[in-house]
Amino acid sequence: MKVVRALYGLPVAGAAFWSYLGSKLRTLSYVSMKADPDLWMRPAVKPDGTKYYDYLLAYIDDLCGMSMDTNNISDAIENMFTLKKESVKEPDLYLGADIEKVPNIPQRLDELPKLNKS
């Protein structure tokens, strides 16, 4: 075996992987946000023609995707990287905090309940 590059453990390893991940995500039309470079988004369209954005949160080598079609995101990522099958699931932990899906929350601003002006 011949090691071409070994970055693991070096001070530049994190930056090198982030750069590599970014180049891969840009091929999928994702754009990194200026306010938070670990938040990526790309335009998408629902089956009814409504426009929205797919989002990816990146933390080191963990990705959390939000989309109307998360299978589309995971399939595209899986074509670029080797994923652990047990890690492709609804998230239950993010940055050390327990998280869960909240049912019946509004998906759009115009679906929020109206406030009374009293």
_Quick check on the exposure proxy: order Leu39, Leu21 from fewest to most C-beta atoms within 10 angstrom._
Leu39, Leu21
*Under 1.5 on a/c is rounded, so check that first for region 28-101, then, if it is not, pick prolate when a/b is larger than b/c and oblate when it is not; a ≥ b ≥ c are the square roots of the alpha carbon gyration tensor eigenvalues.*
rounded
*Say R0 is 22 Å: what FRET efficiency, to the nearest 0.05, do Asp38 and Lys101 get from their beta-carbon distance?*
0.55
*asked:* Could you list Val102, Val31 so that the one with the fewest beta carbons within 10 Å of its beta carbon is first and the one with the most is last?
replied: Val102, Val31
_In Hz, Karplus ³J(HN,Hα) per residue of region 15-25 (6.51, -1.76, 1.60; θ = phi - 60°; x = Gly, Pro)_ = 5, 5, 5, 4, 5, 5, 4, x, 5, 5, 5
*Taking 0.36 nm per residue of separation and subtracting the Cα-Cα distance, what length does fully extending Asn72 through Tyr20 add?*
16.6 nm
*Of the trypsin sites (Lys or Arg not before Pro) in region 34-85, which ones lie in a loop per DSSP and count no more than 10 other C-beta atoms within 10 Å?*
Lys34, Lys84
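Readers should treat all values here as calculations from the given coordinates under stated rules, not as data from a laboratory. All figures in this text were calculated on a predicted structure; none of them were measured in a lab. Cβ atoms come from the backbone with ideal geometry, glycine included; neighbour counts cover every protein chain shown.
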